[in-house]
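First comes the structure, then the notes that go with it.
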């Protein structure tokens, strides 16, 4: 077949969706399913994986194509939702802990007010005044947030005895949602994340484009549990043939907000987009160098494709949906005005 098609999997906080596009960027099929939360803002890791497999199969079926007609699969996911699992058995130590989970809120509050962080910020300000390095300026303004992976991962390591024990034996794999899905789809043949997802965790140093040994050492997070970081467009292996009857290539992983920036063609410095869903996210393209904001905005990687690295500054409100839902429950808004 001469025509080329791609499959796009979007795994959000409320919906899992797969779309099939042709070479003219026309949508041939759209299949979706609702994400169901369990426990304290957790997601069942096996259920959401099966939902992903289902919507991909369904989209291919609706399009009238077969899996072998699809050139590749790209995956965009909600960021900062993570899981850990045993390297030997593949068994998770807990459900996916989402970016909405507040169990580490006391950690965030206490660490931000701690003498350790006060010293680090002061020392970084001094280093910035001497060196002029934006990296030191960024650290001097660092504030941990509930949405960051780092504090929730520390909380999980402190409160899950089996996880802590196996981590001390170097038998733990950590992954954000994208990593988990790729690992499952490839039948454990690919274990990786991309720069856009990694940079959102607060475990990543955008100035050197690698996991931050300083943050990991500070919080007691073993770096050996972290996955390799690939380009946003890269070779993430193939979906195991048992899922779609064909070894469908996976060629991209990207965080959902960065995917939105790319999809809206925000390719020029200063371009901005605002996404309103469960939360509101405003992203501004800063170009090829990470910038610093005195408004507690930390630079993140938009995408990395070969030698091109694009940086963003991001601000967000994580509770946009709550007041709208409350108004709806009070009869103040018509349900048809709400976007699922």
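Condition (residue is assigned to a loop (DSSP other than H, G, I, E, B) and under 30 Å from residue 262 (Cα atoms)) applied to segment 171-184: is it met by at least one residue? No, every residue in segment 171-184 fails to be assigned to a loop (DSSP other than H, G, I, E, B) and under 30 Å from residue 262 (Cα atoms).
Residue check: is residue 100 over 24 Å from residue 278 (Cβ atoms) and out of contact with any helix residue (DSSP H, G or I) (no Cβ under 6 Å at 6 or more places or on another chain)?
Values: over 24 Å from residue 278 (Cβ atoms): no; out of contact with any helix residue (DSSP H, G or I) (no Cβ under 6 Å at 6 or more places or on another chain): yes.
Answer is no for this residue.
Just one of (1) in contact (Cβ under 8 Å) with a residue 12 or more places away in the chain; (2) in contact with a helix residue (DSSP H, G or I) (Cβ under 8 Å, 6 or more places away or on another chain) fails for residue 213. It is (1). As for segment 104-127, it holds at least one residue that is within 30 Å of residue 47 (Cα to Cα) and within 19 Å of the chain's Cα centre (by Cα). Considering (1) touching a strand residue (DSSP E or B) at 6+ places or on another chain (Cβ under 9 Å); (2) surrounded by 15 or more Cβ atoms within 10 Å (Cβ to Cβ); (3) part of a loop (DSSP other than H, G, I, E, B), the lone condition that residue 166 does not fulfil carries the number (3). Can you name the residue in segment 294-340 that is outside any strand (DSSP E or B), surrounded by 12 or more Cβ atoms within 10 Å (Cβ to Cβ) and touching a helix residue (DSSP H, G or I) at 6+ places or on another chain (Cβ under 9 Å) and, of all such residues, is modelled with the lowest pLDDT? Here the residue is 338.
Taking segment 35-46 as the range and being surrounded by fewer than 16 Cβ atoms within 10 Å (Cβ to Cβ) and modelled with pLDDT of 95 or more as the test, only 46 passes. Look at residue 152 and say whether it is in contact (Cβ under 8 Å) with a residue 12 or more places away in the chain and surrounded by fewer than 21 Cβ atoms within 10 Å (Cβ to Cβ). Criteria not met by residue 152. Is at least one residue of segment 124-131 in a helix (DSSP H, G or I), touching a helix residue (DSSP H, G or I) at 6+ places or on another chain (Cβ under 7 Å) and surrounded by fewer than 17 Cβ atoms within 10 Å (Cβ to Cβ)? Looking through segment 124-131, at least one residue is in a helix (DSSP H, G or I), touching a helix residue (DSSP H, G or I) at 6+ places or on another chain (Cβ under 7 Å) and surrounded by fewer than 17 Cβ atoms within 10 Å (Cβ to Cβ).
The values are calculated or read from the model by the stated rules, or taken from the named source; none is laboratory data. Computed from a prediction, not measured in an experiment: that's the story for all the values here. Because the Cβ atoms are built from the backbone with ideal geometry, glycine has one as well, and the counts that use them run over all protein chains shown.
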